[in-house]
Every structure is written in structure tokens, then in C-alpha cells.
Amino acid sequence: MTHPVHTPVVAADGGLVHFGLAELLAGTPGSMRIELTDAAAAEPWLTRLVGEERALEALVAGHVDAPARPELATLALLLWARRWWPASPVLGVPSLDPAFLDLEAAAATAAVEDVAEGMLDGFEATPGELFDAAAEGVAATAVAEEVRDLCLRLSAWFDDRDDVVRAEAAAALAEAASPGRRDYALAAGTEVPVPGEGVVAGGRASVDWARVPPGVLDAAEDTVTWRIVAAPAATRLEVEVAGAFADAALTAFATHDGAVLAKVPLRLGPGRFTGAVDLATVPTGHIGLTVGVTAEDVAGTTPADRAEVVSLVRAREALPPVARTLAERAAGAAEF
């Protein structure tokens, strides 16, 4: 089964709309696959989206391939970026400001509703909710003109639906947007801890993107270092995770021969998370270490998964500005 990191999707009312990740990130989405989960719920918007003939084909087969609609492709890209964007100063991939992603997603969901009304009934967030989430974070920006244009479009969209409060708020945000420079936190790297007296084991590990919230850690490989230090008073497991963009409730789970040996709560520090716990004994044999919010099994990403995604994202630097998201353009402007 293909991992979600490779499968951009829009969850519609009664169906899922899938795009190919490579095409989507290259700015050339040629087709989309619509899979129906509830034909009765999907039929009204499906007909508006692909026409009667293709809609009937989908209702019979349970799925249909159709030319990609730019409104849906844009929304799929933004939703994917909110979860899987591999921000990493080490790899040269900038952080994306969630406020910009939310603002553009608000405009994208509104555009999808204009194309196929009712398609996003029950969607994870309405245009209004996405705009509310973005509103406080986008006033001062180096891409002021684009923010202003998006806000004016949203203001008109809210006004057409008699959402007077949001229409006025979007218009006010458009007026307030002004050129400026946003600060993006870049996480510093770390060196491998120098083995010292009492160090009986140690190593490096990589963070599985599926185990941590988006936008918290550097997406590069081998950012986790650990060591077991034996001393007369106690044996300690020390863990450090380089590259912190934001705080989160993270834990390092050490395993010994497949069983959890210790849980190390991690605390945010300058550019990194660190933590340590005492061990009852010095383990022998294979020791593994994972970082995340839970020790439960998840559909994890592999090093190959992560390398492929990073390669596709880095290639976006060559795309014209119009093919990149507002959040990417803002991050690029903030570097100068």
C-alpha cells in the first residue's frame, strides 16, 4: 500500500480525489482519480465536476479518472504541504508558515465550492474556519500584494454568502497587509556527542515523519543522537534531537530486542529537544530508538520515502513563482 506521504488527496463528501505526488509537486498535474465511498452523496457534485457521462461511469465502476481540475490540484497540494512538507535548513528546504498555508487553503476551498458546490460538505475545515486560523498571522509580509488579492477574493466570496463579519474581516486584512519581513526560525544542527567516560553505547537515528506532528522537527536524516552512560550512581539514557521549529509533546522510545526499554520525555531547548532517564540495567544486544508522540505502530515512512519527497520538493525551486504556493514565495522572500 502506498504511504500517505506519496498520495495527495482531497476528502470530498462521498469520495476521495487522488493526485500523483510527482506531477503535483512539479506543477503539472495531468489527471486525478476520483474514488467513491458513498455514491448517493457524491452524485450531485460529481456530475457538476466531470459531466453526466463520466459521472455515470464513476457511479457504475466506483471510480473514474478525469483531467485534473486546477482548483482541486491546488487544494490537494496545500493539504499535503500542511502535513508532509519536509522543512529542513540542513537540506535547504524552508519552513512554510501555517498562516499562509491556511489563507491559501481558504481561497482554494472556496474555489472548489464554486466549481462543484457541496463537494466539500463535511470537509475538515470550511473556508471561514481556515481564514479565521490564518487571519492573525499574515498582516506583515513580503508578499503583501498576493495576500491582499487573496483577502479581497475571500471578502467577495464571504459577502456573496452573507457572511458579513468575515467579509469585513477579510477586507480589513487586505487593507492592513503591508510589505515587511517575517522571521522564520531555522534550527541549528548538532554534532555527534563525543564519547566520554562511562559511555557504553550510542548511535544515531532518523525521525519518522509519520510519528511527529508537522512543522516541529527538521526533516533531515540522522538528527537523533543517543548514548547510554554508566556511572556508579545510575545508568542513564541521554537523547538529543536536533532541529526544532516548534514545541510538541515528544517522547523518545528506546527498544531492546523489540521491546520498549525506556521512555524519555523530550523538552524543547534552543534548536533541539533533549531528555534523559535512568536505566535499571545496562542492556546488551540491539538497541533501537524512535521519536514521536506514541509508541504504537503507525504506517511509517522509510528513508527511501523521505529521500524521494525531499528530492521532489527541492526541485520546486526551479518552478516559476506562480507555480509555487504563497507560503513558499513568502519563505523565499524572507531569506533576503
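For first residues located in the range 295-310 and more than 21 Å from P94 (Cα to Cα), partners that are of a type in the set (K, R) and outside any helix (DSSP H, G or I) and lie 6+ apart or on another chain with Cβ distances below 8 Å form the pairs A295/K263. Pairs are defined by a Cβ separation below 8 Å, a sequence spacing of at least 6 or placement on different chains, a first member in the range 225-248 that is on the phi > 0 side of the Ramachandran plot, and a second member that is basic (K, R); the pairs so defined are G243/R272. Filtering the range 102-146 to residues that are crowded, with 20+ Cβ neighbours inside 10 Å, β-branched (V, I, T) and under 20 Å from A76 (Cα atoms) leaves T109, V112. Within the range 202-250, being buried (at least 20 other Cβ atoms within 10 Å of the Cβ), outside any loop (DSSP other than H, G, I, E, B) and hydroxyl-bearing (S, T, Y) holds for one residue alone: T225. Filtering the range 24-50 to residues that are among the acidic types (D, E) and over 14 Å from V9 (Cβ atoms) leaves D38, E43. Screening Y184 against (1) at pLDDT 95 or above; (2) under 30 Å from T274 (Cβ atoms) leaves a single unmet condition, (1). Within the range 69-113, the set of residues being over 27 Å from L217 (Cα atoms) and out of contact with any Asp or Glu (no Cβ under 8 Å at 6 or more places or on another chain) comprises R69, P70, L72, A107, T109, A110, E113. Kindly check whether there is at least one residue in the range 281-292 that is within 18 Å of the chain's Cα centre (by Cα) and either over 28 Å from H3 (Cβ atoms) or not aliphatic (A, V, I, L, M) (or both). The answer is yes, given that some residue of the range 281-292 is within 18 Å of the chain's Cα centre (by Cα) and either over 28 Å from H3 (Cβ atoms) or not aliphatic (A, V, I, L, M) (or both). When A68, A39 are checked against the criterion of being more than 30 Å from R316 (Cβ to Cβ), assigned by TED's automatic domain parsing to the domain that holds E117 and surrounded by 13 or more Cβ atoms within 10 Å (Cβ to Cβ), a single residue qualifies: A39.
Table: residues versus (1) over 30 Å from A318 (Cα atoms); (2) without any contact (Cβ under 8 Å) to a residue 60 or more places away in the chain; (3) not in a helix (DSSP H, G or I).
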{"position": "R33", "(1), (2), (3)": "no, yes, yes"}
{"position": "A55", "(1), (2), (3)": "yes, yes, no"}
{"position": "V64", "(1), (2), (3)": "yes, yes, yes"}
{"position": "A73", "(1), (2), (3)": "no, yes, no"}
{"position": "L120", "(1), (2), (3)": "yes, no, yes"}
{"position": "F123", "(1), (2), (3)": "yes, no, yes"}
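Picking from E317, E328, which residue would you name as being surrounded by fewer than 17 Cβ atoms within 10 Å (Cβ to Cβ) and among the acidic types (D, E)?
E317 is the lone residue from the list that is surrounded by fewer than 17 Cβ atoms within 10 Å (Cβ to Cβ) and among the acidic types (D, E).
For D13, the conditions (1) over 30 Å from R329 (Cβ atoms); (2) surrounded by fewer than 19 Cβ atoms within 10 Å (Cβ to Cβ); (3) out of contact with any helix residue (DSSP H, G or I) (no Cβ under 8 Å at 6 or more places or on another chain); (4) of a type outside the set (K, R) are fulfilled apart from (3). The condition (being surrounded by 20 or more Cβ atoms within 10 Å (Cβ to Cβ) and touching a residue at least 60 places away in the same chain (Cβ under 8 Å)) is satisfied by just one residue among P29, P44, P8: P8. For the range 316-334, the set of residues classified as modelled with pLDDT of 90 or more, aliphatic (A, V, I, L, M) and closer than 14 Å to E146 by Cα consists of A323, L326, A327, listed by residue number.
The values are calculated or read from the model by the stated rules, or taken from the named source; none is laboratory data. What you see is a predicted model; the values in this text were computed from it and never measured. All Cβ positions, even for glycine, are placed from backbone atoms using ideal geometry, and neighbour counts span all protein chains on display.
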